[in-house]
Amino acid sequence: MISKSEILNASILIVDDQPSNVLLLGEMLRDAGYLSVTSTTDPVAVYGLHREHHYDLILLDLQMPVLDGFQVMEALKQIESDGYLPVLVITAQPSHKLQALAAGAKDFVSKPFDLIEVQTRIRNMLEVRLLYKKLAQHNQLLEQTVQERTAELRASEARFRRLTELSSDWYWEQDENGHFTKLFGPVFEMLGLQFDAAMGVTRDESSASWQEAERDLLEANIAARKPFLDFVYSRTHANATLQYLMVSGEPVFDAAGRYIGYRGIGKDVTGTILPK
């Protein structure tokens with residue numbers, strides 16, 4: 001909502017080559033309580049004045065020497081990049097009304113002036129103009145907030161990834177079908193894995209053999225949608241050496257509570273665990 005104070009403090013420019021009309025409109029606006037009213041009888045000056053002050057409303061006469069109101073509006077379009085011209089035209093020619101609206105004016109008043117009509121149209125147009133500006137400011141603030149939150153999220157993700165890298169050897173994610181969708185860290189080199197991102201699967205191309213009982217227990221936890229912490233399992237390489245791996249993971253659910261996969265971290269702990 002736009003308050004009465006906001007409307008009365010709106011900036012208004014009166015443009016008419018007839019000083020008597022400028023004086024009449026200025027007195028009428030000030031008597032109605034408007035506090036920021038400027039005027040000019042020079043249509044050539046309008047472009048520079050609006051570029052500097054960005055008026056909330058311009059009362060613009062159409063029939064003026066040197067530049068008529070249509071030419072002034074065409075020049076003002078260079079300032080109003082969003083296409084909104086805060087112009088209320090003043091005309092004594094009924095045929096000019098539709099032409100003025102087509103040129104970008106938002107409303108019109110007729111000469112000779114009906115002061116009640118002029119006041120009503122000015123107030124209505126100012127209310128719409130101020131709402132338009134408030135909406136634009138809100139959208140700008142919203143866009144800035146989104147950008148800030150996005151930057152914060154990216155920074156948070158970077159910190160999380162860095163902490164994961166410091167506390168583990170790799171980070172992993174699986175979909176609901178058990179296919180790996182993300183793998184970060186040197187897991188490929190350490191485990192001899194090949195990850196096909198297009199297919200979302202990982203192939204074990206090493207010659208090592210896994211301890212089946214341990215693998216079965218890990219897969220049972222995942223099948224039951226259970227979290228697991230520091231689960232250690234092992235495999236034997238072709239040269240008979242053992243490799244111990246420690247993984248932690250948790251199930252992931254969407255906003256509707258539907259299971260969508262697992263995520264977790266892994267680490268090679270061969271150097272810290274005694275052989276069985």
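Would you call M73 modelled with pLDDT under 95, in the same structural domain as N124 (by TED's automatic domain parsing), within 23 Å of A136 (Cβ to Cβ) and surrounded by 20 or more Cβ atoms within 10 Å (Cβ to Cβ)?
Working: modelled with pLDDT under 95: yes; in the same structural domain as N124 (by TED's automatic domain parsing): yes; within 23 Å of A136 (Cβ to Cβ): yes; surrounded by 20 or more Cβ atoms within 10 Å (Cβ to Cβ): yes.
Spelling it out, M73 is indeed modelled with pLDDT under 95, in the same structural domain as N124 (by TED's automatic domain parsing), within 23 Å of A136 (Cβ to Cβ) and surrounded by 20 or more Cβ atoms within 10 Å (Cβ to Cβ).
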The stretch 89-105, residues that are surrounded by fewer than 20 Cβ atoms within 10 Å (Cβ to Cβ) and of a type outside the set (A, V, I, L, M): Q93, P94, S95, K97, Q99, G104
Among (1) modelled with pLDDT under 95; (2) surrounded by fewer than 19 Cβ atoms within 10 Å (Cβ to Cβ) - the single one D42 does not satisfy: (1)
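If only one of L49, L59 is within 30 Å of N139 (Cβ to Cβ), in a helix (DSSP H, G or I) and at pLDDT 95 or above, which one is it? Step through it out loud before you land on a result.
On the way: L59 fails: in a helix (DSSP H, G or I).
Result of the check over L49, L59: L49.
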Some residue of the stretch 18-40 being under 35 Å from the mean Cα position of the chain (by Cα), in the same structural domain as I122 (by TED's automatic domain parsing) and within 16 Å of V109 (Cβ to Cβ): no
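Provide a single number: the residues in the stretch 215-234 that are assigned to a helix (DSSP H, G or I) and more than 40 Å from the chain's Cα centre (by Cα). Steps first, answer last, please.
As a first pass, look at the stretch 215-234 and keep what is assigned to a helix (DSSP H, G or I): 215-223.
Imposing the further condition that a residue be more than 40 Å from the chain's Cα centre (by Cα) reduces the set to 215-221.
So the answer is 7.
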Scan of the stretch 207-234 for residues that are exposed (fewer than 13 other Cβ atoms within 10 Å of the Cβ) and hydroxyl-bearing (S, T, Y), ordered by number: S207, S209
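Are any of the residues in the stretch 70-81 assigned to a loop (DSSP other than H, G, I, E, B) and among the β-branched types (V, I, T)? Even if it seems obvious, please write down each step before you answer.
Step one: of the stretch 70-81, the residues assigned to a loop (DSSP other than H, G, I, E, B) are 77-81.
Okay, now just the ones that are also among the β-branched types (V, I, T), so 79.
Yes, some residue in the stretch 70-81 is assigned to a loop (DSSP other than H, G, I, E, B) and among the β-branched types (V, I, T).
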Within the stretch 235-270, tally of residues that are surrounded by fewer than 17 Cβ atoms within 10 Å (Cβ to Cβ), part of a strand (DSSP E or B) and not hydrophobic (A, V, I, L, M, F, W, C): 5
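The values are calculated or read from the model by the stated rules, or taken from the named source; none is laboratory data. These figures come from a predicted structure and were not determined experimentally. Because the Cβ atoms are built from the backbone with ideal geometry, glycine has one as well, and the counts that use them run over all protein chains shown.
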